[in-house]
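S.K.: One structure, as structure tokens, below. Some questions next.
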Amino acid sequence: QVQPVESGGGLVQAGGSLKLSCAASGRTIRGYAMGWFRQAPGKERDFVASISWSGISTDYADSVKGRFTISRDNAKNTVYLQMNSLKPEDTAVYYCAAKLGAPGFATGAYPYWGQGTQVTVSS
């Protein structure tokens, strides 16, 4: 089974940028839809973005549209989340997840999860 491992989190000022990476170990991510989710303290884990196995289809939460971009490089077995124009409300632990078949918005649709990477945006 695929095992996502996130990296690239950190502390950034509002208006800045970060690029998260999700490297999958265990097996190739070809054939897997990938998603990014985030969880702020005291809140539920929310959908951020998803990408189909081919990379052709992407979806975003309304709160990040126009600021975040999800992409993938199947040859490198890696998925990325480019985050621009960051806001303090983007502060959360960001998780990468994988599922077979079509992408989805629900956390329950993804059986494979990474441990998360912290993103903190200061005002």
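S.K.: Give me the one-decimal nm value for the distance between modelled label points at S63 and A23, 7 Å along each residue's Cα-to-Cβ direction.
M.R.: Result: 2.9 nm between the two label points.
S.K.: Stretched out fully, how many nm does the piece from R45 to S85 gain, at 0.36 nm a residue minus the Cα gap?
M.R.: Gain on extension, R45 to S85, equals 12.3 nm.
S.K.: Using only the heavy atoms of the protein chains and a 1.4 Å probe, how would S123, S85 rank by accessible area, largest first?
M.R.: Of S123, S85, the descending order of accessible area is S123, S85.
S.K.: Among L18, L81, what's the order by accessible area (1.4 angstrom probe), most exposed first?
M.R.: In descending accessible area the options line up as L18, L81.
S.K.: Run the numbers for A106 and N74: contour at 0.36 nm per residue of separation, minus the present Cα-Cα distance, in nm.
M.R.: Difference between extended and current length: 9.2 nm.
S.K.: Right, next: Just how large is the dipole of the stretch 40-95 about the Cα centre, in debye to the nearest 20, putting +1 at every Lys and Arg Cβ and -1 at every Asp and Glu Cβ?
M.R.: 140 debye
S.K.: Then there is this: Compute, for the chain, the length of the dipole vector about the Cα centre, with Cβ point charges of +1 (Lys, Arg) and -1 (Asp, Glu) only. Units Debye, rounded to 20.
M.R.: In debye, rounded to 20, the chain gives about 260.
The values are calculated or read from the model by the stated rules, or taken from the named source; none is laboratory data. What you see is a predicted model; the values in this text were computed from it and never measured. A quick note on method: Cβ atoms are made from the backbone with ideal geometry, for glycine too, and the neighbour counts reach across all protein chains shown. We work out accessible area using only protein heavy atoms, side chains counted, and drop any ligands, DNA or RNA first. Shrake-Rupley method; radii C 1.70, N 1.55, O 1.52, S 1.80 Å.
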